[in-house]
Every structure is written in C-alpha cells, then in structure tokens.
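Peer 1: Have a look at this one before I ask anything.
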Ligand SMILES: [Cu+2]
C-alpha cells in the first residue's frame, strides 16, 4: 500500500481544491490521500495500516482519544421497486461491514431517510437491523421521507427524545463537537432544503464559546452546499450556518439524500455526501430527474455503501473514506451510474411516441387526468372549467404529494400509482407543490 499509488488516481474525478493549512499538515497532500483511500483500500486502511502515514508524523498510534465513526444514509426501509427489491438486505450488508471492521467505530451517524414512507413498521425494521450493529451509539437526523406522514412526530418520538425543534442536536465525543441539523421540514413551494430561523439561532448559540480549534462534524440529510440545486440538492439558508462555522479550523459536513459520493472543499470546510444503503440515483443532470436508478443486479452493491470517518487526536483534520457494499472501489460507482442513466434515456427516447397528449380544458363535471412523472407535475399548468375534477396519478418510484400553496387542497403522501383528486368549484389560479420535493410546482387554472 505505497503512497505512490495516489498518482494513479483519475484526475477527472478529482474535485479536490487546494486549501491553506495551519497545522503543519500538507493539506493538499492530505486530501489526495483522502481521495486515494476513497478508491477502495478503505478496509486495508481501517485494518491497521498506521493512520499516521496518511496524516503526518506528529501523532501517536493507539492514542485513546483517536477514534473512528461510520456514516450510513438513505436506507429507505419499505422501498421495494426494481432499483432494489430488498433494501433491508442491503442495510444488513452495511451493518455487517461495520461489524467486520477490525477496530470498532465509536458511533454511527444515520443521515436520514431511514424509512421510505415513515410507516411504523418501516422504523421497526430499521431498529431491528441496527440492533445488530456492534457500535451501540447511533445518532439520527431525519430525511424528508421520515417526516412525510406526520411532519416528523413519530421520528421525534423514536429518535429525537434528547433533541430540539424538529430533531436538531449536538454532542461532544473525545474532543470532537458533533452537530445534527434538520433541513427537511417546513419546505416552501419552489424552495430547497431549509434550516429555518429558530434552528440557525440555536446553532449560533451552540457554537458560541467553543474554541476555534475544536474539530466540528456537522451532519444533515440534504447537502449544505450547492451539490445540484436544479434537483433540489442544496439548502437555501445554509450560508448562514456556514458563516457561524467559518472560524473553526476543521469542519466536516456530512450528508446523504443524493445517494452518491460527492465532495467539495471550501477553506477549512469539507463537504461530503455518502452513498445510500438502499438504491442509487443518477449523477447530477445525467437523467431527466433524480429518483431511484436501476443498475444491473450484479452491480447494485457496487453503487451502495457507507462512509468511514477517522479522527486522529493531535491532528484537526478528519479522514473521510467511502466503501461500497461490494468492496469495490467507490470511484467506480460513477461509471456504473452514468451507464445506467444513458441506457435509461435511450429507452425513454424509444417510448416517447406512445406518450399521451397533454389534457386541455375540460367541460364542467369532467375529470381531467394529470400525472406526477420524473419529479414533475404534468402538465405543469392545467386549465379546466369550474366544476371539473383533476386527478393526479404518481408514476414515479418515489412518493410525492399534491399540496396547495394556499391550503385549498392537500393530498396524502402518494406512493407509486396512487392518485389524488380534487374538484375545483370556483374559478381562480391554484398553485401547488410537492411537500417532499418543494422544487416540484404546478398550477391549476380554473375558468
Ligand atoms: Cu415529490
């Protein structure tokens, strides 16, 4: 495992930015090593190769205050579509990976979408699988799928007893300060992930008085950076949170939601998103929309995985390393995802001629069919006569809602192929959005 291997890394996949360092570690070199570890030698790395070789020589191996933890994300228990018909098995595989680590991680962070539809049975299954994990300390933040049914009450009852607001919380572990943030509640039509004023104030207070040398780990579901705002992969008020974090010398921000590894370094802040344990999503912009992406069955476990984070006392930077369930190089996942998305769009182009014409104005009393497809309302704007009914059918493998901006109508969470209808008695314009994916907007115009 020679460090020289780093040179073999594909330059195109390397999103690493040179950043200044104040701790004597060659930050550029460190980050290269981090990316190199990400090519799949993680288990060798965790299996006893002296960490100091990656971090510089100023640290003592075996130091009691050094530790590692694991991030898992997006287990979507309850999902059973072709992209992965057994998400419980792949979560179990992730837990098996954790249990097989030669050095037991101190704790597990779950960065949300524990469940697919926030059903009690889904949370029960997750709990059952996680009970088998050797690390007994597990910390959670919710994803939008965990708060879909009841605005997160059940999530709070189960996982948020010691938390504030919608589940935000912080704790200290061996000199590292952990902050769990919630950016999946109170979505606004047309918006992105949101933290909200109350949580931002709490964060400011939580960080006040802490030494700038304290390493900070922030974990949240939706990225706190502009990973791909076009698909809602960003948080609209994250800049305020990052302003509070700016003075700290080492900030590691971990998220899920996008079901793939993405990484960005800005000054002292490293942003990192983890693979899912349930199903992959396309690379940004490589498909018509986000959503479960089916890859060949023998490649599924090459695009699912978990993240291992090591902290070495005496060195403020944390090593973030991704591992796939298959044990294959994490970097290889993007090739599989790109290929799967290309196959999908080729198939989509063939099927285009069979697409229905979009409905137009209907007579009073008629029912007009509308669809939710590829994370959009179709048609986006629909004109009907007063007295007609609009029926939306969800054609995606992901749940959505049809929620009036002005509380005129509100569907339950619609799973695949479920529908919702509403009869428009009076004229006017009725804008609506999806409560789970607020960038999805539409309007019904009643004449
Ligand atoms: Cu949606």
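Each reported figure results from applying straightforward, stated rules to the coordinates on display, with no laboratory input. No experiment lies behind these values; they were computed from the predicted model shown. For neighbour counting, all protein chains shown are included, and Cβ atoms are generated from backbone atoms with ideal geometry for every residue, glycine included.
Peer 1: If you take every DSSP beta bridge whose two residues both sit in segment 192-319, what share of them, in percent to the nearest 5, is antiparallel?
Peer 2: Once the DSSP bridges in segment 192-319 are tallied, antiparallel ones form about 40 percent.
Peer 1: Here is a follow-up. Would you mind calculating the gained length between residue 395 and residue 416 on full extension (0.36 nm times residue separation, minus the Cα-Cα distance), in nm to one decimal?
Peer 2: Taking 0.36 nm per residue and subtracting the Cα distance, the gain is 7.0 nm.
Peer 1: Take residue 214 and residue 171, extend 7 Å from each Cα along the Cα→Cβ direction, and tell me the distance between the two endpoints in nm.
Peer 2: Output for this residue pair reads 1.6 nm.
Peer 1: Defining a contact as two alpha carbons under 8 Å apart and six or more residues distant in sequence, what relative contact order in percent does segment 262-336 show?
Peer 2: With pairs under 8 Å counted, the relative contact order is 25 percent.
Peer 1: Restricting to bridges with both residues inside segment 367-446, how much of the DSSP beta-bridge set is antiparallel, in percent to the nearest 5?
Peer 2: 65
Peer 1: Taking 8 Å as the Cα distance limit and 6 or more residues as the minimum spacing, I'd like the relative contact order of segment 367-446 as a percentage.
Peer 2: Dividing the mean separation by the residue count of segment 367-446 yields 34 percent.
Peer 1: Let me make sure I get this right: for segment 385-424, a, b and c are the square roots of the gyration tensor eigenvalues over alpha carbons, sorted descending. Under 1.5 in a/c it's rounded, otherwise prolate if a/b > b/c, else oblate. Which is it?
Peer 2: oblate
Peer 1: While we're here: What full-extension length gain, to one decimal in nm, is calculated for residue 204 and residue 151 as 0.36 nm per residue of separation minus the Cα-Cα distance?
Peer 2: 16.6 nm
Peer 1: Next up: At a 10 Å Cβ-Cβ cut-off, how would you order 393, 111, fewest neighbours first?
Peer 2: Sorted ascending by nearby Cβ count, the order is 393, 111.
Peer 1: From Cα pairs below 8 angstrom and at least 6 apart in sequence, can you work out the relative contact order of segment 94-206, rounded to a whole percent?
Peer 2: 21
Peer 1: Using a cut-off of under 11 Å, list every residue of segment 297-329 whose amide N is near the label point 7 Å from the Cα of residue 134 along the Cα-to-beta-carbon line.
Peer 2: none
Peer 1: Still on this structure: Work out how much length residue 423 to residue 373 would gain on full extension: take 0.36 nm times their residue separation and subtract the Cα-Cα distance, in nm to one decimal.
Peer 2: 15.9 nm
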